[in-house]
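Chemist: Before we start, here is the structure in question, set down as structure tokens.
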There are 2 protein chains.
Amino acid sequence: MRIVIIGGVAGGMSAAARLRRLSEETEIIVLDKGPYVSFANCGLPYYLSGEIANREDLIVQSPRQLKKRFKIDVRTETTVTEINSDNHQITAVHHGLSKTITYDKLILSPGSVADKPNIPGMGSADYVYALRNIPDVDKIMAQLSQAPTRVAIIGAGSIGIEVAENLIKRGLSVMLIDAGSQVLPFMDPEMAALISHELSEHSVTLKLNTQIDKIDRHQLTLNDGSQIKADLVISAVGVRPNTALAQAAGIKTGELGGIIVDKHYQTSQPDIYAVGDAILVKQLLTGQLVSIPLASPANRQGREVADVIMGLPRENRGGIGTAIVRAFDVAAAATGLNVAQLKRAGINYQAVHTTGQNHAAFYPGGKPLSMKLLFEPQTGKLFGAQAVGEKSVDKQIDILSVAIKSGMTVFDLPEFELSYAPPFGSAKDPVNMIGYAASNLVEGLSDNLQFDQLEGAIKDGAYLIDVRTPGELKRDGKLPGSTNIPLDDLRDHLAEIPKDRLIIVSCRSGQRSYLAERILKNNGFKVKNLDGAFLVYSTAYPERIEH
Amino acid sequence: MRIVIIGGVAGGMSAAARLRRLSEETEIIVLDKGPYVSFANCGLPYYLSGEIANREDLIVQSPRQLKKRFKIDVRTETTVTEINSDNHQITAVHHGLSKTITYDKLILSPGSVADKPNIPGMGSADYVYALRNIPDVDKIMAQLSQAPTRVAIIGAGSIGIEVAENLIKRGLSVMLIDAGSQVLPFMDPEMAALISHELSEHSVTLKLNTQIDKIDRHQLTLNDGSQIKADLVISAVGVRPNTALAQAAGIKTGELGGIIVDKHYQTSQPDIYAVGDAILVKQLLTGQLVSIPLASPANRQGREVADVIMGLPRENRGGIGTAIVRAFDVAAAATGLNVAQLKRAGINYQAVHTTGQNHAAFYPGGKPLSMKLLFEPQTGKLFGAQAVGEKSVDKQIDILSVAIKSGMTVFDLPEFELSYAPPFGSAKDPVNMIGYAASNLVEGLSDNLQFDQLEGAIKDGAYLIDVRTPGELKRDGKLPGSTNIPLDDLRDHLAEIPKDRLIIVSCRSGQRSYLAERILKNNGFKVKNLDGAFLVYSTAYPERIEH
């Protein structure tokens, strides 16, 4: 049997290696249009600063090693120009020479291609690059060796932020430009704002809500009319499935052009399979077909399609999507659905925010950890989670990703028996705590109000009590329209609180205000807790805080 | 309603605070025999070195704060001497004055007491201490201020190791003595050996298999006849449920004297509940009643018993147990059952070891991560997991604890969508990888042999092939009785390998030998992979390695 694989990075190479482990006899041919296979595409930004010091570290395995160890026939710089599924044949071009190769099974793992923003002048500018592969990074490194000083990055997603961090570390002046109103569209805006803040703290000039009208002779004209100089421009506005070849072969595609596969990774054509960034997968929480262009699913899919072809019982269970990015000292991560995705899917949800420390407060070195959980209001079924902080963001999100993918509810989270010693966590871990907070909401012990609902509620007559201490208000600022009654004095001031109005309580992180909410509710008031309290509100609306 | 709580640390104080949040009217009285409630007992070892610098950081909340904020009546230095359940009364003694207090509901949260080793002379030595509470730590700190130089610690469990680390950091000479054959009985021996190694690397003198026959005038006589001097002795041989009071009141107890409660934390006496270290809980994997004396479950139970008393739907689902300890630069953690527990429960299991890095190898700063997974051989149902390493041990074990507690199998682990960017993890996360390794075993693609079975197998005629490179053998040493055929040459040497004998393959970590196993199996050989390969074997039997 001959299996031909188009694309030799994550999905394709995982498939090839697993196929060999399952069978010594199968002929395995991997074709890749680039000069390298099995390279570390997620590592490319870190090579720009020298954090990954050696270029060879980016290349995980060479064709020679793959031949020796796995008996895989890897052909680089080989572009497949046609798939003829009727004849089980492909046409491949290497250095101008065209050749047909027959296959018994064909696996497509062509990955994704960089979206190109449609900016007049961009096509002809020889200082604009994407960062998708080793040749890209070589070109950028060549430019960097000419000592540029000003870099503009278009697109404030994960790649744009990673590139910004690494170029700042190289000592460059960096402007990060995005047409949207926030960085990191996989996060909700108030969580992403923590990353915007971190970027600004580290001298990245962030231009949100900004489009580029024109690129001309190292000058970018922005839609506010201003002009900026850039020695180098990196375009990182996103990717889409690389499926022109599949479409030309009549293989069915869906949204964004992604290849449609069944749960055994079979495309609409017999004996043709597809994995990785190029395919659509079932979003487990919405049931919709979506693109999740990430390295981890691609690797898993590659291994699974090998199993399927070799007759092992394996199927694609679908995905929820988990992403993380580092911005200087802080990490931001999300799993499952965010608010924008929930709204798009028409799903009713409730949110809860917590801010605590990554480990026990009495042990030194703890760092603030901001978390958000999204769930079904009636049942507590988990939809999504987000976290931002200096430490243990990956841990919290990974734990929650398991809970979400396996269909758990907020009531399961307090049950998790997570490792605790003072250097590592808390006796009540942040995951347990956000589970308690959400359980209180589902069980009706607490009601909350989101940061973006506060202004409207106050207009509608609500009475806002801030239960922080006067010292905290002085230090951090005051919420507009709030009355200050410190928590420990609250029971002595019940008579001053209007009985006939909705009371909204806030503190710093939401924990003391929850206690205030309970005290007031148990005394017959109608109360809502400002979710995430001062910390979330002041992150979302720093300009509204009164100093 | 008056609720009386005996014991004001983790379980008792969590119950008290939750009760107040649920009800303003309930009278809540907390009695504690010690001078402090709500203190950070897990933080005590770190105060010895000054890593936790201020004594007041160990005291989370004072009775005054608890009164002000929670309207809780906290009475310290108050020892309950009798429970009279017929009359709903207890007798409490404070500074010699005895008093009866009636209750509507009584919650017992008396915690555990330190086991005392039965060593002649120990009782009369005034330089022997346990480390269980603030008065203990005060006494030890007073001794330390007199500039001792030699400390003996009895018991190489978590507390003993934490104390050893902190006293070494203080510049003392530390001997750690244990009667057992390994440190950290919650880990399997070959995993615990990694911690023994770390302790030795940091100048802790470790004496395993060692009993103390006598303590006399700062001299410890060991069972090998040798004598050692100690200015100070810390006893940390373990704890048992503190249940003398409950037993005297006729409350039913079980193994180790632990209080037996139903799933609503009710004891055998009406209106008396119990939580925390003092109770037995259902081990979810064996169904047996066990003692899990840890802070996290105690806190959860305290909150849950408050819910139960206030009529909320809550029950104790049982536990699996998760523990972590830091020893200098390395952490060791375990969740679920270990081999000793599985054997005791008569459960058939299979083990798999992996050693990788905590994040992508191409990104700098990765640290070795040793993991072990225990599962049901036929179904892959997860039983337990252990990890040792410098980084992300807590993360891996927390993820696996969720999987184990929710009844998952090894086939679920590869499905986990864990956060990946090069600084945080790998596209194939260590949890995914150990899931793949275990799945291969359950599906019969791989067979393994444990480190402690190798010698016997070779005696029975097995042929051991080490597929590392000659350079690695020279650097790290040779497995006794092994033939070296580097993996990449294996296919060229098939003719030299005996067809009629069991072939055992090994490499450094087990990954290359798995590939060798597949090559050989696909060529008709009968093969087993030495699980964990050279790394696990040489950790378990360093003396057997040939240099």
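Chemist: How about the stretch B:468-547: which strands (runs of 3 or more DSSP E) wholly inside it have at least 2 residues that are β-branched (Val, Ile, Thr), assigned by TED's automatic domain parsing to the domain that holds B:ASP452 and modelled with pLDDT of 95 or more? Reasoning before the result, please.
Modeler: Numbers: elements: B:482-484, B:503-506, B:527-530.
Correct list: B:503-506.
Chemist: While we're on this one: If we keep just the residues of the stretch A:484-517 that are touching an Asp or Glu at 6+ places or on another chain (Cβ under 7 Å) and polar (S, T, N, Q), which is surrounded by the most Cβ atoms within 10 Å (Cβ to Cβ)?
Modeler: A:SER506
Chemist: Return the residues of the stretch B:320-332 that are under 13 Å from the mean Cα position of the chain (by Cα) and on the phi > 0 side of the Ramachandran plot; say none if nothing qualifies. Reasoning before the result, please.
Modeler: To start, the set of residues in the stretch B:320-332 that are under 13 Å from the mean Cα position of the chain (by Cα) comprises B:320-327, B:331-332.
Across the stretch B:320-332, the qualifying residue is only B:GLY321.
Chemist: Among residues belonging to the stretch A:203-240 that are over 16 Å from A:ALA125 (Cβ atoms) and charged (D, E, K, R), point out the one that is surrounded by the fewest Cβ atoms within 10 Å (Cβ to Cβ). Break it down stepwise before answering.
Modeler: Our first condition is that a residue be over 16 Å from A:ALA125 (Cβ atoms); within the stretch A:203-240, this holds for A:203-211, A:223-226, A:238-240.
Next, from what is left, pick out any that are charged (D, E, K, R): A:207, A:224, A:240.
Values: A:LYS207: 20, A:ASP224: 10, A:ARG240: 17.
Ranking the qualifying residues of the stretch A:203-240, first place goes to A:ASP224.
Chemist: Suppose we keep only residues that are of a type in the set (S, T, N, Q) and in a strand (DSSP E or B) within the stretch B:258-298. Which one would you say is surrounded by the most Cβ atoms within 10 Å (Cβ to Cβ)? Steps first, please.
Modeler: Pass one, the stretch B:258-298, residues of a type in the set (S, T, N, Q): B:266-269, B:283, B:286, B:288, B:291, B:296.
Those still in the list that are in a strand (DSSP E or B) too: B:266, B:283.
On the way: B:GLN266: 17, B:GLN283: 20.
Result: B:GLN283.
Chemist: Picking from A:ASP452, A:ASP460, A:ASP412, which residue would you name as being of a type in the set (Asp, Glu) and under 27 Å from B:PHE416 (Cβ atoms)?
Modeler: Working: A:ASP452 fails: under 27 Å from B:PHE416 (Cβ atoms); A:ASP460 fails: under 27 Å from B:PHE416 (Cβ atoms).
Only one candidate passes the filter, namely A:ASP412.
Chemist: Right, here's the next one. Residues that are more than 7 Å from chain B (Cβ to nearest Cβ) and more than 21 Å from the chain's Cα centre (by Cα): find the helices (runs of 4 or more DSSP H) completely inside the stretch A:333-446 holding 1 or more of those. Write out each step before concluding.
Modeler: Values: elements: A:339-344, A:393-405, A:430-442.
Once the helices (runs of 4 or more DSSP H) in the stretch A:333-446 are filtered for at least 1 residues that are more than 7 Å from chain B (Cβ to nearest Cβ) and more than 21 Å from the chain's Cα centre (by Cα), what remains is A:430-442.
Chemist: Could you list, in sequence order, all residues of the stretch A:77-116 that are within 18 Å of A:ASN242 (Cβ to Cβ) and assigned to a loop (DSSP other than H, G, I, E, B)?
Modeler: Applying the first criterion (within 18 Å of A:ASN242 (Cβ to Cβ)) to the stretch A:77-116 yields A:77-83, A:90-93, A:106-116.
Residues satisfying the conditions are A:GLU77, A:SER109, A:PRO110, A:GLY111, A:ASP115, A:LYS116.
Chemist: Another question about this same structure. Here are some conditions: (1) surrounded by fewer than 19 Cβ atoms within 10 Å (Cβ to Cβ); (2) more than 14 Å from B:VAL467 (Cα to Cα); (3) out of contact with any Gly (no Cβ under 7 Å at 6 or more places or on another chain). B:HIS547 meets all but one. Which one does it not meet?
Modeler: (3)
Chemist: Test B:ASN529 against the stated conditions and say whether it is touching a strand residue (DSSP E or B) at 6+ places or on another chain (Cβ under 8 Å) and within 14 Å of another protein chain (Cβ to nearest Cβ).
Modeler: On the way: touching a strand residue (DSSP E or B) at 6+ places or on another chain (Cβ under 8 Å): yes; within 14 Å of another protein chain (Cβ to nearest Cβ): yes.
It is true that B:ASN529 is touching a strand residue (DSSP E or B) at 6+ places or on another chain (Cβ under 8 Å) and within 14 Å of another protein chain (Cβ to nearest Cβ).
Chemist: For the stretch A:469-483, which positions are in contact with a Ser or Thr (Cβ under 8 Å, 6 or more places away or on another chain) and either surrounded by fewer than 20 Cβ atoms within 10 Å (Cβ to Cβ) or touching a residue at least 40 places away in the same chain (Cβ under 8 Å) (or both)?
Modeler: Taking the stretch A:469-483 and keeping what is in contact with a Ser or Thr (Cβ under 8 Å, 6 or more places away or on another chain), we get A:476-477, A:479, A:482.
A:ASP476, A:GLY477, A:LEU479, listed by residue number.
Chemist: Step by step: first the residues of the stretch B:316-331, then only those that are part of a strand (DSSP E or B) and more than 10 Å from every other protein chain (Cβ to nearest Cβ), then the one that is nearest to B:GLN450 (Cα to Cα). Which residue is that?
Modeler: Filtering the stretch B:316-331 for residues part of a strand (DSSP E or B) gives B:319, B:322-327, B:330-331.
Among the residues that remain, those that are also more than 10 Å from every other protein chain (Cβ to nearest Cβ) are: B:327, B:330.
Values: B:ALA327: 26, B:VAL330: 24 Å.
Within the stretch B:316-331, the match that is nearest to B:GLN450 (Cα to Cα) is B:VAL330.
Chemist: Identify the single condition in (1) within 12 Å of chain A (Cβ to nearest Cβ); (2) free of Cβ contacts under 8 Å to residues at least 24 places away in the same chain; (3) on the phi > 0 side of the Ramachandran plot that B:PRO313 does not satisfy, given that it satisfies every other one.
Modeler: (3)
Chemist: Taking into account only those residues within the stretch B:64-95 that are within 14 Å of chain A (Cβ to nearest Cβ) and of a type outside the set (D, E, K, R), which is surrounded by the fewest Cβ atoms within 10 Å (Cβ to Cβ)? Explain how you work it out, then say what you get.
Modeler: Let us first name the residues in the stretch B:64-95 that are within 14 Å of chain A (Cβ to nearest Cβ), namely B:64-72.
Narrowing the set further to residues that are of a type outside the set (D, E, K, R) leaves B:65-66, B:70, B:72.
Working: B:GLN65: 15, B:LEU66: 23, B:PHE70: 22, B:ILE72: 23.
Across the stretch B:64-95, the extreme among qualifying residues is B:GLN65.
Chemist: Taking into account only those residues within the stretch A:1-36 that are among the β-branched types (Val, Ile, Thr) and closer than 20 Å to A:SER98 by Cα, which is surrounded by the most Cβ atoms within 10 Å (Cβ to Cβ)?
Modeler: At the first step, the residues of the stretch A:1-36 found to be among the β-branched types (Val, Ile, Thr) are A:3-6, A:9, A:26, A:28-30.
Imposing the further condition that a residue be closer than 20 Å to A:SER98 by Cα reduces the set to A:3-6, A:28-30.
Details: A:ILE3: 25, A:VAL4: 26, A:ILE5: 31, A:ILE6: 28, A:ILE28: 23, A:ILE29: 19, A:VAL30: 28.
Of everything passing the filter in the stretch A:1-36, A:ILE5 is surrounded by the most Cβ atoms within 10 Å (Cβ to Cβ).
Chemist: Moving to a separate point now. Kindly indicate whether A:LYS169 is touching a Gly at 6+ places or on another chain (Cβ under 9 Å) and surrounded by fewer than 20 Cβ atoms within 10 Å (Cβ to Cβ).
Modeler: Numbers: touching a Gly at 6+ places or on another chain (Cβ under 9 Å): yes; surrounded by fewer than 20 Cβ atoms within 10 Å (Cβ to Cβ): yes.
Taking the combined requirement at face value, the residue satisfies it.
Chemist: So, one more: Being under 18 Å from B:LYS405 (Cα atoms), of a type in the set (Gly, Ala, Ser), within 14 Å of another protein chain (Cβ to nearest Cβ) and touching a strand residue (DSSP E or B) at 6+ places or on another chain (Cβ under 9 Å): is that true of B:GLY302 here? Write out each step before concluding.
Modeler: Details: under 18 Å from B:LYS405 (Cα atoms): no; of a type in the set (Gly, Ala, Ser): yes; within 14 Å of another protein chain (Cβ to nearest Cβ): yes; touching a strand residue (DSSP E or B) at 6+ places or on another chain (Cβ under 9 Å): yes.
Spelling it out, it is not the case that B:GLY302 is under 18 Å from B:LYS405 (Cα atoms), of a type in the set (Gly, Ala, Ser), within 14 Å of another protein chain (Cβ to nearest Cβ) and touching a strand residue (DSSP E or B) at 6+ places or on another chain (Cβ under 9 Å).
Chemist: Do you know which residues across the stretch A:503-547 are of a type in the set (Phe, Trp, Tyr) and in contact (Cβ under 8 Å) with a residue 40 or more places away in the chain?
Modeler: So the first thing to find is which residues in the stretch A:503-547 are of a type in the set (Phe, Trp, Tyr), and the list is A:514, A:525, A:534, A:537, A:541.
Correct list: A:TYR514, A:PHE534, A:TYR537, A:TYR541.
Chemist: Which pairs do you get when a residue that is of a type in the set (Asp, Glu), found in the stretch A:225-250, comes within reach of a residue that is at pLDDT below 95, reach meaning Cβ atoms under 6 angstrom, with the pair 6+ apart or on two chains?
Modeler: Here the result reads A:ASP231/A:PRO148, each pair linking the stretch A:225-250 to a residue that is at pLDDT below 95.
Chemist: What about B:LYS169, is it touching a Ser or Thr at 6+ places or on another chain (Cβ under 7 Å), outside the structural domain of B:ALA244 (by TED's automatic domain parsing) and either in contact (Cβ under 8 Å) with a residue 24 or more places away in the chain or of a type outside the set (A, V, I, L, M) (or both)? It would help to see each step written out before you state the result.
Modeler: On the way: touching a Ser or Thr at 6+ places or on another chain (Cβ under 7 Å): yes; outside the structural domain of B:ALA244 (by TED's automatic domain parsing): yes; either in contact (Cβ under 8 Å) with a residue 24 or more places away in the chain or of a type outside the set (A, V, I, L, M) (or both): yes.
Yes; evaluated as a whole, the condition is true for this residue.
Chemist: Then there is this: Specify the residue that is surrounded by the fewest Cβ atoms within 10 Å (Cβ to Cβ); the eligible residues are those in the stretch B:37-52 that are without any contact (Cβ under 8 Å) to a residue 40 or more places away in the chain and more than 7 Å from chain A (Cβ to nearest Cβ). Break it down stepwise before answering.
Modeler: Quick first cut of the stretch B:37-52, residues without any contact (Cβ under 8 Å) to a residue 40 or more places away in the chain only: B:37-38, B:40, B:43, B:52.
When the remaining residues are screened for being more than 7 Å from chain A (Cβ to nearest Cβ), the result is B:37-38.
On the way: B:VAL37: 25, B:SER38: 22.
The qualifying residue surrounded by the fewest Cβ atoms within 10 Å (Cβ to Cβ) is B:SER38.
Chemist: Being more than 19 Å from A:GLY319 (Cβ to Cβ) and surrounded by 24 or more Cβ atoms within 10 Å (Cβ to Cβ) is the filter here, so list the residues in the stretch A:390-401 that pass it. Don't jump to the end; show me each part of the working.
Modeler: Initially, the stretch A:390-401 is screened for residues more than 19 Å from A:GLY319 (Cβ to Cβ), giving A:390-393, A:395-396.
Scanning the stretch A:390-401 gives A:SER392, A:VAL393, A:LYS395, A:GLN396.
Chemist: Given the criteria under 30 Å from A:SER196 (Cβ atoms) and of a type in the set (Lys, Arg), does A:ARG508 qualify? Reasoning before the result, please.
Modeler: On the way: under 30 Å from A:SER196 (Cβ atoms): yes; of a type in the set (Lys, Arg): yes.
Spelling it out, A:ARG508 is indeed under 30 Å from A:SER196 (Cβ atoms) and of a type in the set (Lys, Arg).
The values are calculated or read from the model by the stated rules, or taken from the named source; none is laboratory data. Owing to the predicted nature of the structure, the values given are computational and were not obtained by experimental measurement. Virtual Cβ from ideal backbone geometry, glycine too; neighbours counted across all protein chains shown.
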